[in-house]
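These notes are about the structure you will find just below.
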Amino acid sequence: MLKVLGERWRQGHRTISWPAGAPPVLPERFRGLPVVDTSKCPDGCRECAKACPTDAITVNGSLKLDLGRCLFCTDCMEACPEGAIAYTQDFRLASRTRDGLAMDGSALALAAALDEKTRRLFGRSLQLREVSAGGCNGCEADVNVLSTIVFDLSRFGISIVASPRHADGLIITGPVTQNMKLALRKTYDATPPPKIVVAVGACAISGGPYVDHPEQNNGADSVVPVDLYIPGCPPHPLTILDGLLRLLGRIEDGTRRAAT
Amino acid sequence: MTLVSETRSIRNGERLALAKVPQLPLGELQSWLDERIAAGGQLSALFGVPLDSTALALYAVTTAATSGTIAVAETVVKGRYPALTPRVPQAHWFEREIAEQWGVVPEGHPWLKPIRFHASYASGRDAWNRAAGEAILPGVTDYFRVEGEEIHEVAVGPVHAGVIEPGHFRFQCHGEHVFTLEIELGYQHRGIERQLVGGPTKRTLHYMETLAGDTTIGHAAAYSQAVEGLSGSAPPLRAQAIRVIALELERLANHVGDLGALAQDVGYLPTASYCGRLRGDFLNATAMICGNRFGRGTVRPGGVGFDIDESLAKALCEKVEAALRDVEGATRLLWTTSSVMARFEETGRVSRATASELGLVGPAARACGIDRDIRRDFPSGYYRFAQLPVSTWHSGDAFARAYLRWLEVNRSARFIIEQLRALPHTTLRAEVGPLEPNSLVVALVEGWRGEICHVALTDDDGRFAHYKVVDPSFHNWIGLAMSLRDQQISDFPLCNKSFNLSYCGHDL
């Protein structure tokens, strides 16, 4: 017992103070919200769009970047002859709508809270069932991280439960493979209403790197209605937590200008 | 027999002209395999490449740890052929895959079932005579059945209680006692291999980085090694060193996470909490290098995408040193707590003979006393210049798989610190030219789960004619099934975690 207590003392307190305090310092090379300085774009240049592995960038007169498809890789940055593309340290990316993830120079609305009635139900206690439906297990890993002592998800009244019968909603990861479509549908149906659905990661939003493969369905909203989209490949645990807290109205700091 | 000497041996990542791959009649391929496997070799890959609408070329890749050489042979089959599995049990899962993909029937295979539940890639041919267009439901197949009045069957999954990937587990039980466990996968199948044909394309590297997200560095390194072998390019030394640092960091993060998860599954929360956090420390160390916790963008064909400058090297050293100290404290609690050890020891034992017969790889094999590690036996890249000792343990139980991870954590952490202090001064990327046409390359990497094997074949234009990925989990799922024999069903989570295999890496 003494050795356990000794080790407990040595390991120290590790839970982050965010959102009450400042968020933890992210590594310098962290790739958060991408920004494109379109004033640098030469006429007719499509290098970034050509390089993007998931065609998240389209150039039809103006440049559009679909955060739901973005893998947050460096291919566009490396392809851009003018250095117009950069990633910021901003980890806040979640949106309530799929269209809200299309960045075309207008303001990007961060996820708004649930309506008052639903928030009264879930605001202080939200039980979620995770369904892994294809993908690479990266998003699952970073959803799992939320339950560690560092993020301590349960301090917000949110927990991941073992059965859809115990759940108020689903977290879905993966593009929804054909082989998981039925299981996802059944899990959704087994969750008692009212219920919410959170799609985590590029796969669950758009199919991610597997977009348009016949073996999958280009994301969760092909099968069930989605209330919150959290981009990333995979999203940083802070990005996921930020999205969940916004949905519950625990963080509110309006919209943010996209720099495109 | 002079068969082995007739077969040209290659090194890890060495290009071989397709014309030099020996084409053997099936019977000779069987004897060639028998001989290689009997000599302690491993069947690292066995796969089909369609030649025309009826003929299928079967490529067998065997690896001999004692000589560090890889041998490849080819045979042509049509429709049905006598299965290799009865004499080479290591082939059992491969032959099921071949049957499912190409509609050929390995006759005499002891348990011929689909492994991923998709339609055959060869139109008009199906190994189970399913009609074209017939719905194929995952997990709907025959299972081992133990008959008897008091026997019951337990079915778990595909959706599990935790945040884990989908798979279906079927237990035949008498009370708590498990006679057999059968594992059905395929739920994560997203059709990556088929998309690789005709590549490389702008998506190829991203497929590699997401074959198994927790093995981003391992698979990206194997892919890069394959491309470099085919194009005759060599990454600069500094890039090679950064690759092994990233690969060992990946091993650290996953092993430490597993040690925490093992503690969790026996209800020992202190170590579970500490290791959960410490795993993140290693992931964050990876993010310091490349901005992503899983190492995305680190490994690029020809080199690496990010440098580790002096100040970053110093910061990484400090981070790894501090984390290693904390891991040591956290895991010492495991080995000195009798309630933990009572659950770990003698649980889920796999014998050395079984492990070697079924061709288990990586920590799962080393925990059975099999002294095999790609980093030492088939060194490529920086492992040719910097070695780290191979860890083994003999008992083959959950304890062995846990303790082996700690041994590897210790050695990998020290190795990383050593390398960070002596990074070579070169550039980071070499130019990668076009791939040689009509060639084959085998790239092996010791990922944290074990042997990663990529085999790439090019066509007349130097594009991928075929690309085979063998994740270590492909070999090891059967090991988990074996570990459950004659165990309590309540030990399943512990056994499962002690292997911690990849569903997506298997399903592709």
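Odds and ends about this structure:
- Its alpha carbons considered, the range B:1-84 gives a radius of gyration followed by a Dmax of 12.6, 40 Å.
- By the Cβ distance rule (another cysteine Cβ under 4.7 Å), the unpaired cysteines of chain A are A:C41, A:C45, A:C52, A:C70, A:C73, A:C80, A:C136, A:C139, A:C203, A:C233.
- The GluC sites (Glu not before Pro) of the range B:143-248 that DSSP puts in a loop, and whose beta carbon has at most 10 other beta carbons within 10 Å, are B:E147, B:E149, B:E150, B:E176.
- Fewest-first ranking of B:V361, B:V163, B:V105, using other Cβ atoms within 10 Å as the exposure measure: B:V105, B:V163, B:V361
- Exercise: per-residue mean of other protein chain Cβ atoms within 10 Å, A:146-153: 4
- Other protein chain Cβ atoms within 10 Å, averaged over every residue that makes up B:135-142: 2
- Here the dipole of chain B is about 1100 debye; that uses its Cα centre as origin and unit charges on the Cβ of Lys and Arg (positive) and Asp and Glu (negative).
- Build a GNM of chain A with springs between Cα atoms under 10 Å apart, and of A:G249, A:G207, A:G174 the one that fluctuates most is A:G249.
- With Cα atoms as the point set, the range B:400-508 shows a radius of gyration and Dmax of 19.4, 56 Å.
- For chain B, radius of gyration divided by Kirkwood radius, i.e. Rg to Rh on alpha-carbons: 0.96
- By the count of other C-beta atoms within 10 Å, a proxy for reagent exposure, B:I183, B:I98, A:I196 are ordered fewest to most as B:I183, A:I196, B:I98.
- Taking Cα centre as origin and charging only the Cβ of basic (Lys, Arg, +1) and acidic (Asp, Glu, -1) residues, the dipole magnitude of the range A:128-247 rounds to 320 debye.
- Its convex hull of Cα atoms gives the protein assembly as shown a direction-averaged projected area, equal to a quarter of the hull surface, of 32.0 nm².
- Per-residue mean of C-beta atoms belonging to partner chains within 10 Å, peptide B:153-165: 6
- Ascending count of other beta-carbon atoms within 10 Å, so fewest first, for B:E451, A:E252, B:E100: A:E252, B:E100, B:E451
- Rg/Rh for chain A, where both radii come from Cα atoms and Rh is the Kirkwood radius: 1.00
- Taking 1.002 mPa s as the viscosity and 20 °C as the temperature, the Stokes-Einstein diffusion coefficient of the range A:6-87 based on its alpha-carbon Kirkwood radius rounds to 141 µm²/s.
- Evaluated over the Cα positions of the range B:164-276, the convex hull gives a direction-averaged projected area, one quarter of its surface, of 10.5 nm².
None of the figures in this text is laboratory data; all of them are computed from the coordinates on show. Keep in mind that what you see is a predicted model, and the values were worked out from it rather than measured. Glycine also receives a Cβ, built like all others from the backbone with ideal geometry; neighbour counts cover every protein chain displayed.
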